[in-house]
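The values are calculated or read from the model by the stated rules, or taken from the named source; none is laboratory data. None of these values were measured; they are calculated from a predicted model. Note: ideal-geometry Cβ built from the backbone for every residue, glycine included; neighbour counts use all protein chains shown.
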Amino acid sequence: MRDFHVSNQEPHYILQAEGLYHVYESSALDGNVVALRGLHVKVRPGEAVAVVGPSGSGKSTLLKCLGGLMKPSAGDVSFQGLQINRLTGQDLVRLRQETVSFIFQDANLLPDLNALDNVAQPLRHRGVSVATSRRKAQSLLDKLGMGDRSNGMPAQLSGGEQQRVAIARALITNPKLILADEPTGALDPITSREVLSLFAKLHEEEDVAFLLVTHSREVASFADRSLELREGRFIAQHGNDVDIADLSSTRALIIDETGTLTLPPEILTQLGGPGRFDIDAEGDNLTISRADERDPDDDITPVNLTLAAECPACKHVYTDEAQECPSCGSSRPMVPA
Ligand SMILES: Nc1ncnc2c1ncn2[C@@H]1O[C@H](COP(=O)(O)OP(=O)(O)OP(=O)(O)O)[C@@H](O)[C@H]1O
Ligand SMILES: [Mg+2]
């Protein structure tokens, strides 16, 4: 008998995340790293979404939190309306096996199994026979141009070959959602195109949903839309005409469910830097214009702000005037009084 907790998340999303925060705690001098700062993501069944953004912006952290490989410091993640952070070990494993596959930034193969058995392993884990698992594994390796390398051990395979084994392993369970971190990062352009056409086939013919982290123009344009991540926040969305080399040309800024708008640094610079702005909303249009000439000595603290009662990252409830969370070290935000 299953005891999955049905959340209040909408079940027509294959993947939904609300208010994701992640803090890497560190005792080093440079302190904790806040890698995700309140992210909201919704992916519909069969949709392909790319995540683009500079190195260190939090892409891999996001994918690990979404895939249930790492517990976010705060926030909820659901697959088809089932909240994974409420699931216990076995249920989580089962839900993940039945729904989602993960392709890591590094291939993460089992070093003691050859390519064929690495690919077959998720099916073996589900109790499928050796012969059937291996047959399906071989056919996937064939499709990925790895048919004659199926006896190779991971250490004997090149980076790109290992990545293709990892891709075959992710596909063997017929997942409904594939989370992939730089899936073509280690591949040459030709192999990369072959992998993408396999993804496109799954996307178009079998309605598989994708959330892919990428620096590649081709991978991003495979996606229906791309989300642009900067310093742990989604700042913009791009269509499938996304221009990775010049994101500003295809960018639509995002105002999330909490009403938060994060400006890309270059737009902020163009506006003359931080300061006070007048906002004028008319119909669907929002006009933002500088309220004052910028004065570098200007105190830009808005009126009526007070220290947050609760840490947004770890939910610690403050009992004093501390500026930093004693529990996770995040700086304490100001909120409207
Ligand atoms: N295990 C860790 N401990 C501490 N900090 C970490 C850890 N992993 C990542 N970080 C930090 O968290 C931030 C986000 O890292 P993440 O790996 O998610 O970035 P990324 O967008 O995937 O970058 P890349 O494009 O280089 O793969 C970075 O500042 C990184 O230094
Ligand atoms: Mg990464």
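Restricting the first member to region 31-56 and to residues that are under 18 Å from Leu82 (Cα atoms) and within 13 Å of ligand 2 (Cβ to nearest atom), and the second to residues that are aliphatic (A, V, I, L, M) and part of a strand (DSSP E or B), no beta-carbon pair is closer than 6 Å while six or more apart or on different chains. One residue is enough: does region 12-29 have a residue meeting the conditions within 16 Å of ligand 2 (Cβ to nearest atom) and hydroxyl-bearing (Ser, Thr, Tyr)? Scanning region 12-29 turns up at least one residue that is within 16 Å of ligand 2 (Cβ to nearest atom) and hydroxyl-bearing (Ser, Thr, Tyr). The requirement of being surrounded by 14 or more Cβ atoms within 10 Å (Cβ to Cβ), among the β-branched types (Val, Ile, Thr) and out of contact with any helix residue (DSSP H, G or I) (no Cβ under 7 Å at 6 or more places or on another chain) is fulfilled nowhere in region 110-127; no residue meets it. Would you check if there is a residue in region 180-194 being within 16 Å of ligand 2 (Cβ to nearest atom), under 25 Å from Tyr13 (Cα atoms) and among the hydrophobic types (A, V, I, L, M, F, W, C)? Looking through region 180-194, at least one residue is within 16 Å of ligand 2 (Cβ to nearest atom), under 25 Å from Tyr13 (Cα atoms) and among the hydrophobic types (A, V, I, L, M, F, W, C). When region 161-198 is filtered for residues that are over 25 Å from Gly81 (Cβ atoms) and touching a Phe, Trp or Tyr at 6+ places or on another chain (Cβ under 7 Å), the ones remaining, listed by number, are Ala166, Leu196. The residue that is farthest from Leu15 (Cα to Cα), counting only those in region 36-78 that are within 16 Å of ligand 1 (Cβ to nearest atom) and basic (Lys, Arg), is Arg37.
Listed by position, the strands (runs of 3 or more DSSP E) enclosed by region 218-317 that each have at least 1 residues that are at pLDDT 85 or above are 225-230, 233-239, 251-253, 277-282, 285-290.
Of the candidates Glu218, Glu206, Glu257, Glu228, the single residue that is touching a strand residue (DSSP E or B) at 6+ places or on another chain (Cβ under 9 Å) and within 26 Å of Ala170 (Cβ to Cβ) is Glu228. Residue count for region 167-217, restricted to those that are under 26 Å from Val77 (Cβ atoms) and of a type outside the set (A, V, I, L, M): 18. The requirement of being among the small types (Gly, Ala, Ser), in the same structural domain as Glu204 (by TED's automatic domain parsing) and in contact with a Pro (Cβ under 8 Å, 6 or more places away or on another chain) is satisfied by Ser101.
With respect to (1) within 23 Å of His238 (Cβ to Cβ); (2) among the small types (Gly, Ala, Ser); (3) buried (at least 19 other Cβ atoms within 10 Å of the Cβ), the lone exception for Gly75 is condition (1). Report yes if Asn118 is out of contact with any Gly (no Cβ under 7 Å at 6 or more places or on another chain) and farther than 26 Å from Phe79 by Cα, otherwise no. So Asn118 fails the test.
Being under 23 Å from Val41 (Cβ atoms), in contact with a Gly (Cβ under 7 Å, 6 or more places away or on another chain) and assigned by TED's automatic domain parsing to the domain that holds Thr173 holds for only one residue in Arg96, Arg86, and it is Arg96.
Consider Gly89 carefully, then state whether it is more than 16 Å from ligand 1 (Cβ to nearest atom) and either on the phi > 0 side of the Ramachandran plot or not β-branched (Val, Ile, Thr) (or both). Taking the combined requirement at face value, the residue satisfies it.
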